[in-house]
Amino acid sequence: MTLPSLKDAIRIHGLDAKKSFGQHFLLDPGIVARIAALAGDMTGRHVVEIGPGPGGLTRALLDTKAEAIHAVEIDQRAWPLLDELVAHAAGRLVLTKADATSIDTSGLCPAPRKVVANLPYNVGTPLLVGWLRQAALWERMTLMFQLEVAERICAVPDSSHYGRLGVLAQWCADCTVVMKVPAGAFSPPPKVESAVVDLIPKAEQPSPALFKAMEHVTHLAFGQRRKMLRASLRPIGGEALLEKAGILATRRAETLSIEEFATLARLVCPER
């Protein structure tokens, strides 16, 4: 079967990006090839892709040495186009027709597994937090977000972008912005720039209970980031908790290092 070009496939199926799904299609073959390359050696790996849409990045991933690509797509309008790509891929592309936020994506394939995706803008952050909860199951995550979200993921303390997402991400993985993508590369162009973040999970990962404790601590601390920690952390011990951790009660959330947040999480974790 001869596969039509990406642009022809989109035209044949009358597929256009849908705002309600946070879609912005990435059609530039050079850019999708570079994203696939940024994910590192694919030999023998299973790759999960979320929101393939018309399949531009999917095609680039199929051009690597990956064992198989496991794509998850909620948009029924894209299914016929992707089914054609499945038929062309000779068993190396598996399509799951579902909402990625409602399934365990790690269960789609065996290890070693990676995630490579141009994430829909409206679900990128919750998907990332879900993968961080099970970071030990993933070899690598190479993900595109809005530039502002990418900057939050990689932000350092005492910077304007530093917050809960950056603490959770950098606690579990080494995070690097590896590529910026201009709005004009997408169809339709979003109102903001985008960036690819490479996340490599660390060898040691927190237990589920400790991760939950960190989520709670950072939610309280950054939920009222202008307040001193003695006030924002009052529901979990306030000044007494901070004294145990050796942290001044007058400090604010954005000044704490990730290790200081980890100390607080360990103190409130019920498993300690």
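Of everything in the range 33-55 that's farther than 23 Å from residue 103 by Cβ, without any contact (Cβ under 8 Å) to a residue 60 or more places away in the chain and not polar (S, T, N, Q), which residue is surrounded by the most Cβ atoms within 10 Å (Cβ to Cβ)?
The residue in question is 33.
Can you find even one residue in the range 154-164 that is under 25 Å from residue 30 (Cβ atoms) and either touching a residue at least 40 places away in the same chain (Cβ under 8 Å) or over 9 Å from the mean Cα position of the chain (by Cα) (or both)?
Looking through the range 154-164, at least one residue is under 25 Å from residue 30 (Cβ atoms) and either touching a residue at least 40 places away in the same chain (Cβ under 8 Å) or over 9 Å from the mean Cα position of the chain (by Cα) (or both).
When you check residue 112 against the structure, is it at negative phi and in contact with a helix residue (DSSP H, G or I) (Cβ under 9 Å, 6 or more places away or on another chain), yes or no?
no
Taking the stated definitions as given, is residue 86 among the hydrophobic types (A, V, I, L, M, F, W, C) and surrounded by fewer than 18 Cβ atoms within 10 Å (Cβ to Cβ)?
Details: among the hydrophobic types (A, V, I, L, M, F, W, C): yes; surrounded by fewer than 18 Cβ atoms within 10 Å (Cβ to Cβ): no.
The answer is no for residue 86.
Only residues in the range 190-218 that are under 13 Å from residue 261 (Cα atoms) count as the first member; pair them with residues that are surrounded by 15 or more Cβ atoms within 10 Å (Cβ to Cβ) and acidic (Asp, Glu), Cβ under 7 angstrom, at least 6 apart or cross-chain, and list the lot.
From residues that are under 13 Å from residue 261 (Cα atoms), there are no pairs.
Tell me whether the range 95-109 contains one or more residues that are of a type outside the set (A, V, I, L, M, F, W, C), surrounded by 16 or more Cβ atoms within 10 Å (Cβ to Cβ) and within 23 Å of residue 222 (Cβ to Cβ).
Among the residues of the range 95-109, not one is of a type outside the set (A, V, I, L, M, F, W, C), surrounded by 16 or more Cβ atoms within 10 Å (Cβ to Cβ) and within 23 Å of residue 222 (Cβ to Cβ), which makes the answer no.
I'd like to know if the range 120-140 contains one or more residues that are assigned by TED's automatic domain parsing to the domain that holds residue 30, under 13 Å from the mean Cα position of the chain (by Cα), basic (Lys, Arg) and assigned to a helix (DSSP H, G or I).
Yes: the range 120-140 contains one or more residues that are assigned by TED's automatic domain parsing to the domain that holds residue 30, under 13 Å from the mean Cα position of the chain (by Cα), basic (Lys, Arg) and assigned to a helix (DSSP H, G or I).
Given the criterion surrounded by fewer than 17 Cβ atoms within 10 Å (Cβ to Cβ), among the basic types (Lys, Arg) and outside the structural domain of residue 29 (by TED's automatic domain parsing), identify the matching residue among 230, 226.
226
The values are calculated or read from the model by the stated rules, or taken from the named source; none is laboratory data. All values reported here derive from a predicted model rather than from experimental measurement. Cβ: placed from backbone, ideal geometry, glycine included. Neighbour counts: every protein chain shown.
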